[in-house]
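The values are calculated or read from the model by the stated rules, or taken from the named source; none is laboratory data. This is a predicted model, so every value here is computed, not measured. We place every Cβ from the backbone using ideal geometry, glycine too, and count neighbours over all the protein chains shown.
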Amino acid sequence: MRVGEIAERAGVNVETLRYYERRGLLPEPERMPSGHRRYDEETVRFLRAIKEAQSVGFTLAEIGEYLGAARRSGSPSETLRVRMAAKIDEIDGRIAGLRRMREELARVVGCACDSLDHCTCGAAYLARRGRETSAPPALLHVTNGESAGNTLRQTGLGGAVLPWQDVLHEGPVPDTGRAELLQVRAKFLSECGWGRRGTIRSSLERRDRQLRATLRGGRRLVLWFEHDLYDQLQLLDVLALAHGLGGSLEWIVVDVFPGKPSFRGLGELTPDELETLWPARREMTAQTLEEAAAAWDVFRAPDPAALAELATRGSEQLPLLAAALQRLLEELPDVEDGLSRTERQALQVIAGDARTPMGAFLATQELEEAPFLGDAWFYRALSTLGQGDGRLLETEEGEPLPAPPPLSDGQEFARLTLRVTPSGERVLGGEADRVELLGVDRWLGGSHVTAESGWRWDSAARQLRA
């Protein structure tokens, strides 16, 4: 084939082909008697391979380096292997970023706001080119996430909706100033794959500004939360931030709903059902704000002793808090086997009939008095148990578990076939300790839980042990 034909078939122009030859990516072709270069089908495939490598992020210099190493030894050097592995990590990061973008677009599509001027969703903020609302709404609803938030937008109650959206039972929540706290949360969420650190921090800061502006401006603020751990920690965060700002603050916090004996949360209610809760809202008292701010400080303390005491004593003004904090403390390593409650339940159901991450998630939800853990965070717990030589879980093929979503493909992760390893069976049987096999590195609020910290939970006595 002549140069024009080969370039057309490979999807490049003639000058690009010549450039590849000058850089040494393409070997010098044979020449016909007429003096013209002669190319074959292998050249077409090779050119397409170069373009494909470029499309996923390889530079021509990297491609040339690989080709040179392959020609010299038939296999890449160890240094080049490391660079190629880093490129794979980079590609995985781009894939994760695209998944996050897709999820954000899906939330935008599902948003039920009827005014971009008042709405707090990402689409409205983008449409306003990053500006805050020009005419702040007279009423702001604050709730736990987009599911309940979008349902609230479909009610006839009016106002704007602000989802609080932070998973405070995961990652560090240290006793620092507000600005530093948001930086810590943004760093943690970003490392878990939920977006760029700066973007997450800006979102959290914007959320805080909207709440402060509503109260300082004398406008109405109504909180919609439920009884589980996820919501109760968000409620503490909101009330601690609102403490001392004045303004009109009301709240609706529920653990039951008529006609729903297995009520799990606001997200399962229809717009009409949510509206029936409106008359039950109560005005927030100064005493409630004081207790919430004190409880928030206890949660962020570097030692969980006061947290355990609060979980036992309870709060008169926040009657649903004690049970939620008890459930949080159950995420400490147990004195008997070193497992958190979530980890033990996961191993138990996988040892039974739940052989996929999704199946295990659904089965463990049924074991919770007040389900609070989302599937992605449950998968993170599974992935932690599935790492290292002493892992307690592995795939059916005997391989370690991959990174959890959104650092990996959520659908693929959910479909893995899992099994409990012999080490996992020994831990479940009380013959081995999870912390001794895998170590532990997690946070309960401001308390950093490691093997060295020594904090354990006695599930039989329901007490903290050091």
Kindly indicate the residue of region 61-77 that is over 20 Å from PRO29 (Cα atoms) and surrounded by 12 or more Cβ atoms within 10 Å (Cβ to Cβ) and also modelled with the lowest pLDDT among those meeting that condition. PRO76
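Residue by residue, here is whether (1) of a type in the set (Lys, Arg); (2) over 20 Å from ILE63 (Cβ atoms); (3) touching a His at 6+ places or on another chain (Cβ under 9 Å); (4) surrounded by 17 or more Cβ atoms within 10 Å (Cβ to Cβ) holds:
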position: GLU5; (1), (2), (3), (4): no, yes, no, no
position: ARG18; (1), (2), (3), (4): yes, no, no, no
position: PRO33; (1), (2), (3), (4): no, yes, no, no
position: ARG38; (1), (2), (3), (4): yes, yes, no, no
position: ALA53; (1), (2), (3), (4): no, no, no, no
Has region 448-457 got any residue that is among the hydrophobic types (A, V, I, L, M, F, W, C) and without any contact (Cβ under 8 Å) to a residue 24 or more places away in the chain? yes
What pairs come up if the first residue lies in region 360-373 and is buried (at least 17 other Cβ atoms within 10 Å of the Cβ), the second is acidic (Asp, Glu), and their beta carbons are under 6 Å apart, counting only those six or more places apart or on different chains? PHE361/ASP375; ALA370/ASP228; PHE372/ASP228
Given region 255-353, what helices (runs of 4 or more DSSP H) lie entirely inside it while holding 1 or more residues that are of a type outside the set (Lys, Arg) and touching an Asp or Glu at 6+ places or on another chain (Cβ under 7 Å)? 286-299, 321-329, 341-351
Can you name every residue in region 205-248 that is at pLDDT 95 or above and part of a strand (DSSP E or B)? LEU221, VAL222, LEU223, TRP224, PHE225, GLU226
I want to confirm something. Restricting to region 148-190 and keeping residues that are small (Gly, Ala, Ser) and surrounded by fewer than 16 Cβ atoms within 10 Å (Cβ to Cβ), which single residue is farthest from SER447 (Cα to Cα)? GLY156
Note on region 395-412: residues touching a Gly at 6+ places or on another chain (Cβ under 6 Å) and modelled with pLDDT of 95 or more are PRO400, LEU401
For region 375-406, what are the residues that are assigned to a loop (DSSP other than H, G, I, E, B), in contact with a Phe, Trp or Tyr (Cβ under 8 Å, 6 or more places away or on another chain) and under 29 Å from GLY267 (Cα atoms)? PRO404, PRO405, PRO406
Neighbours by Cβ (under 8 Å, 6+ apart or cross-chain): first from region 283-307, without any contact (Cβ under 8 Å) to a residue 40 or more places away in the chain and not assigned by TED's automatic domain parsing to the domain that holds LEU235; second crowded, with 16+ Cβ neighbours inside 10 Å and outside any loop (DSSP other than H, G, I, E, B): none
Residue list for region 251-281, restricted to those being of a type in the set (Lys, Arg) and surrounded by 14 or more Cβ atoms within 10 Å (Cβ to Cβ): ARG264, ARG281
When only residues in region 383-412 that are under 14 Å from the mean Cα position of the chain (by Cα) and closer than 19 Å to GLU343 by Cα count, which is surrounded by the fewest Cβ atoms within 10 Å (Cβ to Cβ)? ALA403
Scan region 271-288 for residues that are among the aliphatic types (A, V, I, L, M) and closer than 19 Å to ASN144 by Cα and jot them down. LEU274, LEU277, ALA280, MET284
